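What follows is one structure encoded as structure tokens, with my remarks underneath.
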Amino acid sequence: LAHFEPEQEFVLEPGDMLYLPPGYAHDGIAEGECMTYSIGFRVPARAELARELLMRVAEEEGDDDVPVLYRDAGQEAVDQPAAIPEQLHEFARDALERALREPLALQRALGEYLTEPKPSVWFEPQDAGVMLEGVALDRRTRMMYDAQHVFINGDSYRAAGRDATLMRRLADQRWLGSRDLARASDDALELLSSWCDAGWAHAGVYPQETP
């Protein structure tokens, strides 16, 4: 900001917020007894996203009960022992292709990555067994979905039918009322209760529900 020359100035009153599109230089100054905050929205870089997704897909592929090991029983003695054999290149290529071949592996990895809380984020467990008359997500909770899954705080769940519609509504509006919960299955209610126990959501009555 050594050579920053403002073209416009805005004075914000209590409760005001100023949105600046990406690429706009700005310099916020607190006047009087107040504080100024600049909040940015971080987007993943392509290389970072590829690295994270490949790591997660590889971890899922590595959950096999019987690991498949590279074998070169027919390899003859060589004069250049430091050279990587072509068969190992093929084995590595096949391993990567197999990891990406599972239809939903990439979708799961992406959803889990996008909803993974930052290391500095923690949740406070709630009292277990609270009656659910309504549910609201904790402000720190990240919840998203795709056509086959629901993702919350780095976990993924297969979802379909009425329960999937319910969970997507929770992700979009961040709360569910009593009428929503009345249509939930026992499994969905149990899952919501576990999220409340973990502090990911909070049970209560929400007056936003309209007749």
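The values are calculated or read from the model by the stated rules, or taken from the named source; none is laboratory data. The structure presented is a predicted model; accordingly, all values stated were derived computationally and were not measured. Cβ: placed from backbone, ideal geometry, glycine included. Neighbour counts: every protein chain shown.
Tabulated data
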item: Among residues of region 7-48, those that are within 23 Å of T115 (Cα to Cα) and either surrounded by 10 or more Cβ atoms within 10 Å (Cβ to Cβ) or in contact (Cβ under 8 Å) with a residue 60 or more places away in the chain (or both), counted; result: 2
item: Meets criteria (surrounded by 10 or more Cβ atoms within 10 Å (Cβ to Cβ) and either modelled with pLDDT of 80 or more or part of a loop (DSSP other than H, G, I, E, B) (or both)) for E52; result: yes
item: Region 72-98 residues that are without any contact (Cβ under 8 Å) to a residue 24 or more places away in the chain, paired with ones that are of a type in the set (S, T, Y) (beta carbon under 9 Å, 6 or more apart); result: Q87/Y70; L88/Y70; F91/Y70; A92/Y70
